[in-house]
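Read the figures in this text as sums done on the coordinates, not as results from a lab. Computed from a predicted model, the values in this text were never measured in an experiment. Note that we place each Cβ from the backbone using ideal geometry, even for glycine, and neighbour counts take in every protein chain shown.
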Amino acid sequence: MKKRTEDNFTDLIKLMSKLRSKDGCPWDRAQTHKSLLPYLIEEAYEVLDTIQAKDDQRFREELGDLLLQIIFHAQIAKERKKFDIYEVIESLRQKLIERHPHVFKEKKKLLSKEVLKNWEHIKLAKNRAKNKSVLSGLPRHLPALLKAYRVQEKVGRFDFDWKKTDEIFSKIEEEIEELKRASKKGKKRNIEEELGDILFSWVNLCRHLKINPEFALRRTIDKFVKRFNYIERRLKEKKISLHKAGLPLLDSLWEEAKRSTDATD
């Protein structure tokens, strides 16, 4: 592996420029901001997977793949004469200084939650100047579960929040009763709205319990997949088709899977 130096970054920029040149790669030259979108999202999730797996070697590789997407987009922007990677870096540098006055201006010792609250107040001041909302910076295509969490987190920093966790439990119970009433009436739109309210309340509960709902649900999904894969393996051993297994056998194998897979976690 090449010795780590500051020149590595410059070399990487030159390499991407070469790939996009007429003497470079046809596939790389054909890409646009829009065509690269799926890769940007995919690489971000692959980084997330390596963090959860605690696999540092893959983590390093996936961070590199994610960095490639940033370099790629910056190169295309440079060709469009909009900005380059160094302007991206400078913009980020200025933002970090601006959002950390307790470090770079008036030296203050703040708690982590105070830093976040301060951060939101600084952003709010800028948003007011541009007639923007506190919530205007949230990506439109953020997954709904994560977006709900971020919305609640942001407004919570301005004290628009539940004071006690027990209050959220009561709210969830209230929303469930409303869903039951809507379900009896059979109007799909009302049922959907009430289900959305319940999900939003559950996200609030997760936040107050210091649990990220996206990660919690992902973990449960992974657990379900692992158990169901066990069922499929056992059915294969028994030479029984999944279609013909029947619920009693599937339930029995599910309980077996819980005991087997949970013991290895």
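Percent of C-alpha pairs per 5 Å bin in the range 221-264, short distances first: 5, 24, 35, 23, 11, 2. Cβ under 11 Å from Asn204's Cβ, Asn204 left aside: what net charge do those residues give with Lys, Arg +1 and Asp, Glu -1? That works out to -3.
For the chain, what does -39500 (n - 2.57) per DSSP helix run (n ≥ 4), summed and divided by total residues, give at 222 nm, in deg cm²/dmol to the nearest 500?
-25000 deg cm²/dmol
In the Gaussian network model of the chain, springs joining C-alpha atoms below 10 Å, which of Glu167, Glu232, Glu175 carries the largest mean-square fluctuation? Comparing Glu167, Glu232, Glu175 in the GNM, the peak value goes to Glu232.
Counting other Cβ atoms within 10 Å of each Cβ, which trypsin sites (Lys or Arg not before Pro) in the range 14-120 have at most 16 and sit in a DSSP loop? Those that pass, being in a loop and sparsely packed, are Lys22, Lys54, Arg80, Lys81, Lys82, Lys105, Lys107, Lys108, Lys109. Looking at the range 162-211, the pairs of alpha carbons with a distance over 15 Å make up 45% of the total.
Restricting the GluC sites (Glu not before Pro) of the range 60-126 to loop positions (DSSP other than H, G, I, E, B) with no more than 15 neighbouring Cβ atoms within 10 Å leaves Glu106.
Hydropathy at least 1.0 by Kyte-Doolittle, axial extent at least 24 angstrom from the Cα trace: which helices of the chain, defined as entire DSSP H runs, fit? Walk me through the numbers on the way to the answer.
Working: long enough: 33-53 (30 Å, 0.08); 56-79 (34 Å, -0.27); 112-129 (26 Å, -1.06); 165-185 (31 Å, -1.19); 188-208 (30 Å, -0.44); 213-237 (36 Å, -0.97); 247-264 (25 Å, -0.51).
None pass (Cα extent of 24 Å or more, hydropathy at least 1.0).
Taking Lys and Arg as +1 and Asp and Glu as -1, the other residues whose beta-carbon sits under 9 Å from that of Leu138 total +4.
For semi-axes √(5λ) of the Cα gyration tensor in Å, computed directly from the structure shown, the correct entry in (1) 41, 32, 20; (2) 34, 18, 17; (3) 32, 23, 17 is (1). Within the listed set Ala216, Ala148, Ala53, the Gaussian network model of the chain (springs between alpha-carbon atoms below 10 Å) gives the highest mean-square fluctuation for Ala53.
Taking all Cα pairs closer than 8 Å and separated by 6 or more residues, the relative contact order of the chain comes to 9 percent.
Just flag the trypsin sites (Lys or Arg not before Pro) in the range 182-225 sitting in loop per DSSP whose Cβ has no more than 14 other Cβ atoms within 10 Å.
In loop regions of the range 182-225 (DSSP not H, G, I, E or B), the sparsely surrounded trypsin sites (Lys or Arg not before Pro) are Lys187, Lys210.
Its residue count N sets the reference 2.2 N^0.38 Å, and the alpha-carbon radius of gyration of the range 76-229 equals 1.38 times that reference.
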